[in-house]
Amino acid sequence: MSLSLPGIYLYNLSRDNLRPEEYERIVSAYAAWSRVCREYEFNDGYHANHYIINMRERQVHHTQASSLGPREKDKLERMVFSGEVVMLSDLYGPAKLFHINEDGTLICSDPLAFHHDGAKRIITEYSKSVSCRDYRRSGGKPRPTQVKRLVRASAPDLPEPQAFRTINSKAAGRLLAAGGIYNGNVEGFEKAAKDLGGDAAKGFEQVMNDESKGLLIAGASIAAGLGLGRLNTVRQIATLSKPSTIKKANTVSDRHAYLNDKFGRSGDINHDINIRGNKDIVRNFMKESGISKERTIEQYMDGINLNERVSVESINKGKLAYQNQAPGNWQGNWYSLNKDIPPTKLGINPEGNLRGTDIKVPKVMTTYQSQQPVQMLRSTASPALDTWSVPKVPFQAEGGGIQWFSTNKDVWSPKK
């Protein structure tokens, strides 16, 4: 059980001395943080418990505003994505991200699941945990990850599921070589290839020459574009390593720029991972809110600056929220919790047409009050060309303000 954090799934690895066999249950930072945002609340005030973060499991009926803990929440977010704090899968058994091989070594199948060498930090803490325990009865090492199967007694053993098999082919070695070049860490990825065993090291050495480095950079870029490094099968690895999948360019830099442009990437892999994580948060919240059409979700996403923080947060009963509308217009889905933010900061025109007319008037602020707790999507407004407030006169809004999204209009009543 964790002593540093509430619940039974969150652990601070340097303090809680997690058993080595439990490391295979660690989930990715994105999966962990999504669950933290749903299930916990924070407080920047008086620290009344012994936890390293002032937090507790979320209570549906409470009076403490969720906005009281942004500093504590940001602190935990940094710890989760750096691998200092981890979350275990609530299903007893491997979570597929980490596994223990036959040599007792912890292997991470996706180093990009964390930021700032987070996966490496977790493996280091695993080694410390192993050194604190007596494994003389098990050959001096933890048992390898086991795959549980239900098979009829009369049936032959089934092949081991690919999800838990160590990927140690030459193709895996070639992909690790690509990762080493792409991230500027050839030595680190070479060690990973050797740790995998099998033919991975041979595959790594086979392609580390001047003629293949340009091809590998492009292969790594395509891998990132298709799944930001999350390759689930050896077949995908082998396919991506074929020259026929790569558009030829005059130079390595031209090829790299071409692929970044094709897949809409910045070239900074950590930045691109953040963008993808934010998109997932928006898409999941929209679908949970009853918005099923992908095109509609994309249109809403156009109004969100995905470079900035995106999160799902709980708003308490009695909270005030504000909308800028032309008099008599319908209630929308976007709100501000700060009445001093001007409309243009929220990505909209400060003027609008009266409903059903072409009469342009200044928008007025309508105040709403929540009648019960509600989940809302918090984001930063992106610069936007407002073509809906006054259709005949498009307006360029600057954006940059904090905005809140909810389709649950029944929760919000106009405050008189």
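Couple of notes before you dig in:
- For the residue pairs LYS363/LYS415; LYS170/LYS194; LYS128/LYS191; LYS73/LYS415; LYS339/LYS416; LYS363/LYS416, alpha carbon separations beyond 21 Å are given by LYS73/LYS415.
- Stretching GLU22 away from THR387 to a fully extended chain increases their span by 126.0 nm, per 0.36 nm per residue minus the current alpha-carbon distance.
- Between LYS416 and ASP74, the simple spin-label model (points 7 angstrom out along Cα→Cβ) gives 4.1 nm.
- Vicinal HN-Hα couplings computed from phi for segment 171-180 (Karplus, 6.51 cos²θ - 1.76 cosθ + 1.60; Hz; Gly/Pro x): 4, 5, x, 5, 5, 5, 4, 4, x, x
- For a straight C-alpha distance cut-off of 15 angstrom, the aspartates and glutamates reachable from LYS392 (same-chain residues fewer than eight places away being disregarded) are GLU351, ASP358.
- P(r) tail for segment 10-138: Cα pairs beyond 20 Å make up 47% of the total.
- Considering all C-alpha pairs of segment 309-355, those separated by over 15 Å amount to 54%.
- Neighbour-count order for SER292, SER379, SER14, SER169, fewest beta carbons within 10 angstrom listed first: SER292, SER14, SER169, SER379
- Hypothetical label at ARG355: residues of segment 392-416 whose amide nitrogen lies under 14 Å (7 Å Cα-Cβ projection): 414
- Multiplying each eigenvalue of the alpha-carbon gyration tensor of segment 332-416 by 5 and taking the square root yields semi-axes of 23, 16, 11 Å, largest first, rounded to whole angstroms.
- Spin-label model distance (nm) - TYR46 vs THR296, 7 Å beyond Cα toward Cβ: 4.7 nm
Read the figures in this text as sums done on the coordinates, not as results from a lab. Just so you know, these numbers come straight off a predicted model, no measurement behind them. Please note: Cβ atoms are built from the backbone with ideal geometry, for glycine as well, and neighbour counts cover all protein chains shown.
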